Structure formats: structure tokens, C-alpha cells
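One structure below.
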Amino acid sequence: MIPDFQTLMRPLLDELSDGSVRRTRDLVGAMSDRFDLPEEERAAMLPSGKQRRMDNRVNWSISHLFQAGLVDRPARGQVTITAAGRDVLAAHTDRVDMSVLRGFDSYREFRSRSTARDAAGASLLGAEPEADASSPQDLLAQAVTENRAAVGGELLKRALALSPTEFERLVVRLLEQMGYGRSGMVEHSGRSGDAGIDGIISQDPLGLDRIYLQAKRYAPDQSVQRPAIQGFVGALMGAQGDRGVFITTSSFSSGARTEADRVNARIELIDGPRLAELMLRHGVGVQPETTVTLHQLDEDFFEAL
């Protein structure tokens, strides 16, 4: 598991204890090795996709140590331990965190500036500022995750309240936003007696390359079963098609998934959670509420002066 930035503080000081000047990217690798992170966690990105999560944690930890005067930055992308850092390392053999850093005037001044900004923001929200906040990126990632989970649940509830025809139109709109039919068209064909086809994606202007859609509003406790997949496959064969997308607000039983894998036609199954995620990702049925920009020091700017 990727350690939080406070957990990294003492290991970083220990890594620097020989007094050498180390590159930040080498420290990221050293910390990844020390915590025995698997490759997927070493490569894990922040929600922005612009920085690896482990790089961010190490950089944020170094930033706090620097504010306390425990490390120095002699040049761009380089870090070394200070005399104060050696003293802290010797005095705290188990853990170094923000409670230790508060013993330094420079760090208390830094935290007082941060807390003032936190309190100003929190007062607008009617909340108390956190005493030991995570990194801004971690807080933002947590907020994004919680927001997406909450809105995703609301999207599925709203979709369940639609009529069958409205839900079919929703699915068609989503696929359009995802870029399907860009060279052809996406049409809603659902109606009474539609033989199991609710929409058709024509991938080319002549309609020779087609994908067929089936959309079902099912309650969360009512999963799509094997017979529904068999019926959709039969509709595909009747339309002389070999590709289809089956979308539901609920889930697919293991029998339904096995049936979709077994048949010659290629059937893509999209369940409720994935439907909500796709709607969020492509801006269908949602609108952005707040945009936040985080900043970090631009070392290249200062190097060019």
C-alpha cells in the first residue's frame, strides 16, 4: 500500500542520513523499494493523470521536512539532510510526523499560514479545519472519489425513474457522447415489438458497419439473467448482426456473463456502476460544479532566471 506523506518522513531522513545529496526521483525509487510496492502501485497516477501518486507523496513529504528545516534543497530536484534533520532522526527512532515538525518555529509559521487559509475556506462551508490535513492532492482525490460515488448513485436512481423509452434515449445519448456513430449515426429504434433491439449504431455513412443496443431498466436487486442475453443474441441474428451492447441499471448474473462470452457474436455488457461511471466521464446527465487548480513550484522557471 502506498504510504501517506507523514509515514514517509522518517524513512526519507534515514535515506539521507549519510549526508549525500540525492535526487528526488531517486528518493521516490528508494521509498518504493523500502515499502516493497508492487509495480501497479509504483505506476498509480493521481486523478489528474499528470503525476504518479508515489512521486506526489514523496515530494509533499520533502516539502514539509523542508519547511521545518530538516532537509535542504541545494539545487533543482536535489535534497540533502540538515543538522536539525540528523538530530530529529536520532531522537525519534520510531516515527517522524507533523507533531514532531511542530517543534520548529519555521514549521509552526508555515502551518499557521496554511491553517488560516484552511479556516477561511472552512468557514465558508460551515466546517472546522482539519488539524492534520493530508496533502492537497490526497484531499482532492478523496473528494473526487466521494463525489463520483454519490453522484453515480443519484444517476442510477434517476435512470430507474425514467420510462423505458426515455432510458433507451439516455443510452443512445451516452453512446453518442462516447464517440460512436461519429462517421455514421446513432438511432433509437426501441418500440413495442422491436424484437429486442433498442438502438442501432451505424459506424459508417452507408450503415454497413452496425452495432445493436439493448437497454433494460432493472431494480438493483433484479439482475439480468441468461434468457435475456439469449433473447438479445436471437435479435442480433435476426438483424444479421454480430456485435451488440447490453446496458442495464442493475447487474448481470454469472449465467448471463457466461452466455455473452459463449456466443459467436461479440456482446459488451455494461452494468449499473459502469453505466454511472461512463455517464460521469462523458458528461451525460451531469454538469461540472467546481473547478480546482492546484499549484506546485516550477523549478524550471527559477533555473532559467
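The numbers here are math on the coordinates, done by the rules we state, and not lab data. Being a predicted model, the structure only gives us computed values, none of them experimental. Because the Cβ atoms are built from the backbone with ideal geometry, glycine has one as well, and the counts that use them run over all protein chains shown.
Among [x] 199; [y] 126; [z] 216, which one is volume of the Cα convex hull per residue in Å³ computed from these coordinates?
Given [x] 199; [y] 126; [z] 216, the structure-derived one carries the label [x].
Check which residues have an amide H placed less than 5 Å from Thr249's amide H, if you skip close sequence neighbours.
Excluding prolines and chain starts, which carry no amide H, the hits are Lys216, Tyr218.
Spelling out what I want: for every residue of the stretch 222-238, take phi, set θ = phi - 60°, compute 6.51 cos²θ - 1.76 cosθ + 1.60 (Karplus), and round to whole Hz; glycine and proline get x.
10, 7, 6, 9, 3, x, 5, 5, 4, x, 5, 4, x, 5, 4, 4, x
Taking square-rooted eigenvalues a ≥ b ≥ c of the alpha carbon gyration tensor, is the stretch 203-294 rounded, prolate or oblate, where a/c under 1.5 means rounded and, failing that, a/b exceeding b/c means prolate? Write out the running numbers ahead of the final one.
Values: a/c = 2.80, a/b = 1.45, b/c = 1.93.
Taking the square roots of the gyration eigenvalues as a ≥ b ≥ c, the stretch 203-294 is oblate.
As an exercise, use a Förster radius of 41 Å and the Cβ-Cβ distance of Arg262 and Asp209 to find the FRET efficiency, rounded to the nearest 0.05.
It comes to 0.95.
Angle between the Cα long axis of helix 53-67 and the longest principal axis of the chain, 0 to 90 degrees, nearest 10?
Its long axis makes an angle of about 30 degrees.
What does the charge count around Val263 come to, taking other residues whose C-beta lies under 15 Å from its C-beta (Lys +1, Arg +1, Asp -1, Glu -1)? Walk me through the numbers on the way to the answer.
Values: positive: Arg226, Arg243, Arg257, Arg262, Arg266; negative: Asp242, Glu259, Asp261, Glu268.
Residues near Val263 contribute +1 overall.
Relative to a virtual label point 7 Å from the Cα of Ala219 in the Cα→beta-carbon direction, which members of the stretch 257-276 show backbone nitrogen distances below 17 Å?
Taking a point 7 Å out along Cα→Cβ of Ala219, the residues of the stretch 257-276 whose backbone N falls under 17 Å are 272.
Under the Karplus relation 6.51 cos²θ - 1.76 cosθ + 1.60, θ = phi - 60°, what is the ordered set of whole-Hz ³J(HN,Hα) values for the stretch 17-34, x standing for Gly and Pro?
5, 7, x, 6, 8, 10, 6, 4, 5, 6, 5, 4, x, 5, 5, 4, 5, 4
Step through the residues of the stretch 79-92 one at a time and calculate ³J(HN,Hα) from phi using the Karplus curve (6.51 cos²θ - 1.76 cosθ + 1.60, θ = phi - 60°), rounding each to whole Hz and writing x for Gly and Pro.
With coefficients 6.51, -1.76 and 1.60, one gets 9, 9, 7, 9, 4, 5, x, 5, 4, 5, 4, 6, 7, 10 Hz.
Using only Cα atoms and rounding to the nearest 10 degrees, what angle (0 to 90) does helix 105-125 make with the longest principal axis of the chain?
Tilt of helix 105-125: around 30 degrees.
Using only Cα atoms, tell me the angle between helix 272-281 and the longest principal axis of the chain; keep it within 0 to 90° and round to the nearest 10.
60 degrees
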